[in-house]
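Step one of this worksheet: look at the structure below.
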Amino acid sequence: MRVSHLNFNHLYYFWHVCKEGSVVGAAEALYLTPQTITGQIKALEERLGGKLFKRQGRGLVPSELGQLIFSLCR
């Protein structure tokens, strides 16, 4: 797990997706486009070296790595 070059926005957007359960919900809450949120999540996943979410129905739930990062964000 490489944590260099993480920025606050990556973690902030990730936290909102966890809280809202979807990229669209996070985007609406933050007044951003879903593409912006998705890009930030992908950048965070690349830096951490793993997937942060799993699909569950129409929503997203944190993966094992995502749960770890979410607990550190709180």
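The values are calculated or read from the model by the stated rules, or taken from the named source; none is laboratory data. Remember, predicted model here, so these are calculated numbers, not experimental data. Cβ placement follows ideal geometry from the backbone for every residue including glycine, while neighbour counts extend to all protein chains displayed.
Of everything in segment 16-35 that's free of Cβ contacts under 8 Å to residues at least 12 places away in the same chain and either in contact with a Pro (Cβ under 6 Å, 6 or more places away or on another chain) or in a helix (DSSP H, G or I) (or both), which residue is surrounded by the fewest Cβ atoms within 10 Å (Cβ to Cβ)?
In this case the residue turns out to be GLN35.
Looking only at segment 43-64, which residues are free of Cβ contacts under 8 Å to residues at least 40 places away in the same chain and surrounded by 13 or more Cβ atoms within 10 Å (Cβ to Cβ)?
Pass one, segment 43-64, residues free of Cβ contacts under 8 Å to residues at least 40 places away in the same chain: 43-46, 51-59, 63-64.
Selection gives ALA43, LEU44, GLU45, LYS51, LEU52, PHE53, GLY59, SER63.
Being of a type in the set (D, E, K, R), at pLDDT 95 or above and touching a strand residue (DSSP E or B) at 6+ places or on another chain (Cβ under 9 Å) narrows it down to one residue among LYS54, LYS19; which is it? Don't jump to the end; show me each part of the working.
Details: LYS19 fails: touching a strand residue (DSSP E or B) at 6+ places or on another chain (Cβ under 9 Å).
Selected residue: LYS54, the only one of LYS54, LYS19 that is of a type in the set (D, E, K, R), at pLDDT 95 or above and touching a strand residue (DSSP E or B) at 6+ places or on another chain (Cβ under 9 Å).
Could you run through segment 14-44 and say how many residues are closer than 17 Å to GLN67 by Cβ and within 8 Å of the chain's Cα centre (by Cα)?
Of the residues in segment 14-44, 7 are closer than 17 Å to GLN67 by Cβ and within 8 Å of the chain's Cα centre (by Cα).
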